[in-house]
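K.L.:
Structure incoming, see below.
Values in this text are rule-based calculations from the coordinates and carry no lab data. Keep in mind that what you see is a predicted model, and the values were worked out from it rather than measured. Here the Cβ is made from the backbone with ideal geometry for all residues, glycine too, and neighbour counts use every protein chain on show.
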Amino acid sequence: MTVLARIDDLYISFGGVAAANGMSFAVNTGEFLAVIGPNGAGKTTALRMVAGILQPDSGRIIFNDRDVTSLPTHVRARLGLGFTHQVVRPFYSFSTIENVMIAAGHRQTESPWRALAGRSREEARMKAAAILEHIGLGEQIDKSPRALPLGQRKRLEVARAIALEPRLLLLDEPLAGLSSAEAATMADLIRTLPASGITVVLVEHNLGEVLRVADRIVVLDAGKVLAEGAPKEVMARDDVRQAYTGVV
Amino acid sequence: MLFVELAVTGLVYGCMYAMMAVGLTLVYGLLRILHIAHAGVFALGAYVAVVVANATGSLALGFALALVVSAIAGVAIYRFAYQPLLGHPPFVPMIVSIGLFIVMQEGFRMVFGAYGIAFDDNPWYTSTVAIAGINLNYVEIAMVISSVVLLVGFGLFASLTRAGIGWRATVTDPQMATSFGVDPVRVRYVIFLFGSALAGIAGALVGLLNNYVEPTMGGLVSYKALAIIVLGGLGNVRGTLLASLVLGVVESYGTIYLADVFDRDAIGFLFLIVVLMVRPQGLLGRG
Amino acid sequence: MSAYVASIVSVVGINMILALSLNIITGFCGQVSLGHAAFYGIGAYTAAYLSKLGVALPLTLLAGTITAGLIGVVVGLTSLRVRHDFLAVTTMGIGFVFLGFVRKQKWLGGELGISGIPASGLDPLAYALLIVGAAAAVIAFTVWLKRSWMGFTFDAVADDEDAARTVGINVSTYKLTAFGIGTALAGLAGGLYIYFARIILPDTFDFVQSIAILTMVVIGGTGSVWGIVASTIALTLLPEVSRAASDYRLLIFGAMLMLVMRFSPDGLAGLVRRRTTP
């Protein structure tokens, strides 16, 4: 088992409150890792630091044997670090398929000069259409994201991230706000990602779905790792139960 | 002595900028609109003052009417130009505001002529008084006094009265304020009323100060006022007041020490650009 | 008569380049600029200064274009620090800084500007055709850009910068590219202008000029190409067809800005689109 990404002793605080307080864990190639923990444990913060949206005060982030701690978000995205926002952020002026095409055309958008020279969007369109079909949005490709219900917008967010062909996909609460049926469908969908070569880190509150789909779990509490391991073992630990419920 | 004199002149200008900029920053804080047509209200105040004063011989009446007319004009601008556009991205009302300002400026040119009007009788302009060895004319003193009185009065209103607290709440959190029974629409009217009255008085005073009122007089002052509200951290009243005085003083020194490189109007903006590059959120941060 | 036609055609062509170049920055990439006339001025002053030293026409145009573009990239750096309303006021300020600077420079003629600019060597009609050719090239380039991946990427940056970063777009580079291209083309317009006018005054490049350029963009439809081409022709010819329209040119511009924004914020292009697509 090889390590794809590792966060190493991360610290970050907002207005004196530490959201990451010596946080370290590793992500193995090809696994489906879920990061859970009570509110304020630093889960979303951890993901945002890995994606480059937040800069840690100290510590290192290693991806694919490379120190990416000081690289900007777009460079990390190109290195294969995909990210989906907790609150969906589609391009509202684009149609659904264009949202995915702009990511699918990442080779064309790499430099302005290549972007100016290239005009054909066919390849990107085909790639985007295939991804949308796979993710269950095949009927919606020409609609505006505004016209999509939340469940479909969440899928669009995942589709756009997949179109970047990431090696590691960071999903920030993709099930939040969905009905239980929608959540189950979404969970089934992202569960298939490792099989297509995408390692997944999932931050999620919906413990039922997490325990159903994750290979391994990292439990965060107060900005550090409290426990990690196979879902059933981890959830059986007293300290984990206490962190969650406040009782033993 | 020159050093002190420049600081005093700068502060006088700073007071004038403050009277313009407070209205702009309140409008921005409440509606996120860059209210460029505020310049038109400023010039309107000056025109009303000069026309009425010349016709009746009473400067006091001229100022009183300047205050009333510009306040009404401000409310009308909100009602007819901005209110229908509140749902649009900020770019849209800003362009409308530019359009409205151009229309007002051209309107003044058509009605009052391109060459401007002087006050027939402007006793304050020629009377000076020496304070600590620095000569100030009465208009300059009136500028400082009226800005201090009006702005302090406004500050007391905002922090002590029920209505004032209510609309400060509206600026911070409209929904919360509404649920406590504050009418947000009325707050907007009050802000346009008050801000425009201030601008009108500032315009009338600048008219006296230059002893001259012309169609384009609002332009530069309001562009600088825009720079000031950005410097102060858009929507931040305290930052705006500080930035007004700072800009007045910076310009005052700059006019002497940078005279060979830039003109007076460029100095303010140069200062703005330099500050923004170091502190993108403005001097005191966003309100 | 033909000299008159040549002069109108020249002005239309120059305005078209100005409007389309601002459209790249504001329309395509979503970065509001209220100081575009400054780059028009930088191109004009560079070309005029060099032409007086005896530099030949193609080189003066090239120098004007490059100088405006380089300064434009530097100014574009501000767009990386401040956004939206802050940027609008900052770019407005850049216009005033430019004017305040040239007005005080003796070597650039101060308030009196630069006069006695050498002739282009072409007769007025041929020179007007040169301008039209340049405008046509700019139209073609803009149409290409809009449909290219660069246009697509600009749309993404204009829509949501943070989302653009998560799909691997280098937002800063693209913004600077928009500023660089847009301001360089404004510089080209400035260079073309000097051989037409033969004299330049600082006030030609003032805030009102910036607003006039913006008016053409907004009325044509921010981000469109053909709408802007149409609005440029209409707004430039308007003062020529009637004496009244020429006296009240600014009044009409102002009123149109208000009315168009009030009733069709996406300009003529949006109006046409809504008529044709039910």
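K.L.:
Considering the dipole of segment A:119-170 built from charges on the beta carbon (Lys and Arg +1, Asp and Glu -1) around the Cα centre, which of A:A147, A:A128, A:P166 is farthest to its positive end?
P.N.:
Looking along the dipole axis, the top candidate is A:A147.
K.L.:
Quick one: Debye curve from the C-alpha atoms of chain B, no solvent, what's log10 I(q)/I(0) at q = 0.07, 0.08 Å⁻¹?
P.N.:
So the normalised log intensities are -0.25, -0.33.
K.L.:
Another one. Could you tell me the largest-minus-smallest coordinate of the C-alpha atoms of chain A on each of the three principal axes, in descending order and whole angstroms?
P.N.:
59, 40, 38
K.L.:
Please tell me the relative contact order of segment C:23-112 in percent, rounded to the nearest whole number, where contacts are Cα pairs under 8 Å and at least six residues apart.
P.N.:
Working: 76 pairs, mean separation 31.5, N = 90.
That works out to 35 percent.
K.L.:
Shielding of A:103-113 by partners, i.e. mean partner chain Cβ atoms within 10 Å per residue?
P.N.:
Taking the mean over all residues of the peptide, I get 5.
K.L.:
Based on DSSP H assignment, which helices of chain C show an axial Cα extent of at least 18 Å together with a mean Kyte-Doolittle hydropathy greater than or equal to 0.0? Show your work: numbers first, answer last.
P.N.:
Details: long enough: C:2-22 (30 Å, 1.93); C:37-52 (22 Å, 0.62); C:57-81 (37 Å, 1.62); C:84-103 (29 Å, 1.29); C:124-147 (35 Å, 1.62); C:171-197 (39 Å, 1.12); C:207-220 (20 Å, 2.21); C:226-241 (22 Å, 1.49); C:249-263 (21 Å, 1.84).
Helix filter hits for chain C: C:2-22, C:37-52, C:57-81, C:84-103, C:124-147, C:171-197, C:207-220, C:226-241, C:249-263.
K.L.:
For segment A:89-165, just run the numbers: alpha carbon Rg, then divide by 2.2 N^0.38 Å, N being how many residues it has.
P.N.:
1.05
K.L.:
A further question follows. If you take all C-alpha pairs in the protein assembly as shown, what percent of them are over 47 Å apart?
P.N.:
Distances greater than 47 Å cover 31 percent of the Cα pairs.
K.L.:
Over 25 Å between C-alpha atoms is what I'm after, so list which of A:K154/C:K175; A:K43/A:K143; C:K104/C:K175; A:K43/A:K154 land there. Numbers along the way, then the final one.
P.N.:
Values: A:K154/C:K175 28 Å; A:K43/A:K143 33 Å; C:K104/C:K175 31 Å; A:K43/A:K154 19 Å.
From A:K154/C:K175; A:K43/A:K143; C:K104/C:K175; A:K43/A:K154, over 25 Å: A:K154/C:K175; A:K43/A:K143; C:K104/C:K175.
K.L.:
Would you please calculate the Kirkwood hydrodynamic radius of segment B:200-242 over all C-alpha pairs and express it in Å, rounded to one decimal?
P.N.:
Result for segment B:200-242, one decimal place: 11.3 Å.
K.L.:
Within a Cβ distance under 10 Å of A:D172, other residues only, what is the Lys/Arg minus Asp/Glu net charge?
P.N.:
Summing Lys and Arg as +1 and Asp and Glu as -1 gives -1.
K.L.:
Further question: Would you tell me the mean number of C-beta atoms belonging to other protein chains that fall within 10 Å of each C-beta in C:152-162, as a whole number?
P.N.:
5
K.L.:
Can you say what percent of the DSSP beta bridges in chain A, counting only those with both residues inside, are antiparallel? Round to 5.
P.N.:
55 percent
K.L.:
Suppose only helical runs count, i.e. DSSP H with n ≥ 4. What mean residue ellipticity at 222 nm does that imply for chain A under -39500 (n - 2.57) per run, divided by all residues and rounded to the nearest 500 deg cm²/dmol? Could you put the intermediate results ahead of the total?
P.N.:
Numbers: 10 runs with 92 residues, N = 248.
For chain A, the value works out to -10500 deg cm²/dmol.
K.L.:
Another question, then. Quick one: in segment B:128-287, what % of C-alpha pairs are over 25 Å apart?
P.N.:
The calculated P(r) of segment B:128-287 puts 42 percent of pairs beyond 25 Å.
K.L.:
Using only Cα atoms, locate the centre of segment B:159-199 and the centre of segment B:244-273, then give the distance between them in Å, rounded to an integer.
P.N.:
34 Å
K.L.:
Relative contact order for chain B: what percent, with Cα pairs under 8 Å and sequence separation of 6 or more?
P.N.:
For chain B, the relative contact order is 36 percent.
K.L.:
For segment A:95-109 and segment B:95-112, write down the distance between their C-alpha centroids in whole Å.
P.N.:
Comparing the Cα centres of segment A:95-109 and segment B:95-112, I get a distance of 45 Å.
K.L.:
Something else: Out of segment B:143-217, which chymotrypsin sites (Phe, Trp or Tyr not before Pro) are coil in DSSP terms and have no more than 16 other C-beta atoms within 10 Å?
P.N.:
B:F180
K.L.:
Continuing with this model, one more query. Of the listed peptides C:235-247, C:54-66, what is their order by residue-averaged count of other C-beta atoms within 10 Å, with the highest listed first? Please list the in-between numbers first.
P.N.:
Values: C:235-247: 14.0, C:54-66: 18.0.
Descending packing order for the listed peptides: C:54-66, C:235-247.
K.L.:
Relative contact order for chain A: what percent, with Cα pairs under 8 Å and sequence separation of 6 or more?
P.N.:
Relative contact order, chain A: 27 percent.
K.L.:
Follow-up question, since we're still on this one. For chain B, what is the mean residue ellipticity at 222 nm derived from helices alone (per DSSP H run of n ≥ 4: -39500 (n - 2.57); sum divided by total residues; nearest 500 deg cm²/dmol)?
P.N.:
Details: 12 runs with 212 residues, N = 287.
Result for chain B, helices only: -25000 deg cm²/dmol.
K.L.:
Let me ask another. Charges only on Cβ, +1 for Lys and Arg, -1 for Asp and Glu: so what's the dipole of the protein assembly as shown about the Cα centre, in debye to the nearest 20?
P.N.:
740 debye
K.L.:
Which semi-axis lengths, in whole Å and largest first, follow from the square roots of five times the eigenvalues of the Cα gyration tensor of segment A:17-94?
P.N.:
20, 17, 14
K.L.:
While we're looking at this one, here's another question. Could you pull out every residue, at least 5 positions away or on a different chain, whose amide H is within less than 5 Å of the one on A:V3? Hs are placed 1.01 Å off N in the peptide plane, and Pro or chain starts have none.
P.N.:
A:T29
K.L.:
What is the spin-label model distance, in nm, from B:H88 to C:W226 if the labels are put 7 Å beyond Cα along the C-beta direction?
P.N.:
2.4 nm
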